[in-house]
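Engineer: Please find one structure pasted underneath; my questions will follow.
The values are calculated or read from the model by the stated rules, or taken from the named source; none is laboratory data. Keep in mind the model is a prediction, meaning the values are calculated, not measured. Cβ coordinates were reconstructed from backbone atoms using ideal geometry, including for glycine residues, and neighbour counts include every protein chain displayed. For the accessible areas, the whole protein counts, side chains as well, though only heavy atoms, and no ligand, DNA or RNA atoms are used. Shrake-Rupley method; radii C 1.70, N 1.55, O 1.52, S 1.80 Å.
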Amino acid sequence: QVQLVESGGGLVQAGGSLRLSCATSINIFSVTAMAWYRQAPGKERELVASITRGGITVYADSVKGRFTISRDNAENTVYLQMNNLKPEDTANYYCNTRPYRPNWGQGTQVTVSS
């Protein structure tokens, strides 16, 4: 069974930074793209950022210029560097392929205080 293990979340003040990591049993070099998603309470899960096998990145408008997605194919790990965090970034963050597969990890909680 595919494993996705997210880590790096926490409580941070507005303007702060966090770096999320996603360790996976997926051979990420074999998939078209990996992505980070997030889900805030009472809201639907949304795409935050994705990165293709070739390194092409896509970001949600709300995080452009603040978040950076990257990948380490050798380690099967995907990262999300989050800078200048805002309270509206508060959510549980998940990684998965894009398009996503049905199995999700537990995610990692990011809470940004104002």
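Engineer: Need the failing condition index for residue 40 against (1) exposed (fewer than 15 other Cβ atoms within 10 Å of the Cβ); (2) of a type in the set (A, V, I, L, M, F, W, C); (3) free of Cβ contacts under 8 Å to residues at least 40 places away in the same chain, just the number.
Structural biologist: Among (1) exposed (fewer than 15 other Cβ atoms within 10 Å of the Cβ); (2) of a type in the set (A, V, I, L, M, F, W, C); (3) free of Cβ contacts under 8 Å to residues at least 40 places away in the same chain, the lone unmet condition for residue 40 is (3).
Engineer: Tally up the residues in the stretch 57-103 that are open to solvent by 80 Å² or more (accessible area, probe 1.4 Å) and within 18 Å of residue 41 (Cα to Cα), please.
Structural biologist: Residues in the stretch 57-103 being open to solvent by 80 Å² or more (accessible area, probe 1.4 Å) and within 18 Å of residue 41 (Cα to Cα): 1 in total.
Engineer: Quick check: is even one residue across the stretch 22-35 of a type outside the set (Gly, Ala, Ser), touching a Leu at 6+ places or on another chain (Cβ under 8 Å), open to solvent by 60 Å² or more (accessible area, probe 1.4 Å) and at pLDDT 95 or above?
Structural biologist: Taking every residue of the stretch 22-35 in turn, none turns out to be of a type outside the set (Gly, Ala, Ser), touching a Leu at 6+ places or on another chain (Cβ under 8 Å), open to solvent by 60 Å² or more (accessible area, probe 1.4 Å) and at pLDDT 95 or above.
Engineer: Pick from the stretch 67-92 the residues that are within 13 Å of the chain's Cα centre (by Cα) and charged (D, E, K, R): which of them is nearest to residue 104 (Cα to Cα)?
Structural biologist: Restricting to residues being within 13 Å of the chain's Cα centre (by Cα) and charged (D, E, K, R), the top hit is 71.
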